[in-house]
Amino acid sequence: MTVTFGEVDATPTGPGKPAELPPVPDGAIMVTVHIQRFNPEIDEAPHKESYRIPALPTDRVLNLLHYIKWYIDGSLTFRRSCAHGICGSDAMRINGRNRLGCKVLVKDLVTDKKTEITIEPIKGLPLEKDLIVDMEPFFDAYRAVKPYMITHGNEPSREWIQSQHDRDRFDDTTKCILCACCTTSCPVYWSEDAYVGPAAIVNAHRFIFDSRDQAGQERLEILSDAEGVWRCRTTFNCTDACPRGIEVTKAIQEVKRALMFRRV
Ligand code: SF4
Ligand code: SF4
Ligand code: FES
């Protein structure tokens, strides 16, 4: 089946009747998007399908996925919500690197000579369909570190004051949006699924170093066991992958140091 837009032919390979295509905007270029597809109801293994579509250099990868889903193959399945880098739901591997589909621009992926973009699901979590993986093991690890404020004793009668210095200690790790880009770029996580992974450690760090929290030692205990922080081999993949710019490996090192000296 061949779909035509403007003067260019696109040959969608997925099932489904194409909708009427929108006009090609001025300045659009043709890109070929290779997407890993997998439908557990009919496929025995994942395979690649390719779509040649028009794109503006300022389009985001998420726009390309929408274009394919809305106009070429409605069965294409992926997660997204905010489309603005906030919700963390559209982590995927784009040209081999973990990124958020809504934050990566076409112009940063293609050149005059290379107009191909590869999109695959993140690695290390069970594949469900197309770009969707089962996030439960990721959230299990997150929940295991008790990512919420814990205090003991009587309810305070007035606000708890925190100095700017104390607030700064965990400022970086408050930015996490739980997208899983870090954990699913970690070679240790790929090979040893028991490892809690960097995102869980980042979220433990956020409370361990909060002067108002009183369960830091409890979290350190959790992270000191066989599946915890010592499995990290400091390869920095996680820091490179984080779309929020969090210094993930540094946070992991701070947790290791707190464990070694048993002092936060
Ligand atoms: S620094 Fe540690 S947690 Fe991060 S990717 Fe490397 S091994 Fe994994
Ligand atoms: S630390 Fe960064 S990469 Fe990891 S889950 Fe949080 S926002 Fe995503
Ligand atoms: S869709 Fe929400 S972060 Fe990309």
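A short reminder: the numbers here are calculations on the coordinates, not readings from a lab. Keep in mind that this is a model prediction, so the values were computed, not measured. Here Cβ is always computed from backbone atoms with ideal geometry, including for glycine, and neighbour counts include all displayed protein chains.
Looking at the structure I just gave you, is residue 93 of a type outside the set (S, T, N, Q), part of a strand (DSSP E or B) and touching a residue at least 24 places away in the same chain (Cβ under 8 Å)? Yes, satisfied. Summed over the stretch 177-194, residues that are crowded, with 19+ Cβ neighbours inside 10 Å, part of a helix (DSSP H, G or I) and more than 9 Å from ligand 1 (Cβ to nearest atom) total 1.
The residue of the stretch 124-134 that is farthest from residue 203 (Cα to Cα), among those that are out of contact with any strand residue (DSSP E or B) (no Cβ under 7 Å at 6 or more places or on another chain) and surrounded by fewer than 20 Cβ atoms within 10 Å (Cβ to Cβ), is 129. Scanning the stretch 150-168 for residues that are surrounded by 12 or more Cβ atoms within 10 Å (Cβ to Cβ) and assigned to a loop (DSSP other than H, G, I, E, B) yields a count of 3. Restricting attention to the stretch 56-90, the residues being of a type in the set (Ser, Thr, Tyr) and part of a helix (DSSP H, G or I) number 2.
Scanning the stretch 77-108 for residues that are of a type in the set (A, V, I, L, M), surrounded by fewer than 21 Cβ atoms within 10 Å (Cβ to Cβ) and more than 14 Å from the chain's Cα centre (by Cα) yields a total of 1. Considering the stretch 214-261, the qualifying helices (runs of 4 or more DSSP H), each wholly inside and each with 2 or more residues that are among the hydrophobic types (A, V, I, L, M, F, W, C), near ligand 2 (Cβ under 10 Å from one of its atoms) and surrounded by 20 or more Cβ atoms within 10 Å (Cβ to Cβ), run over 237-241, 248-261.
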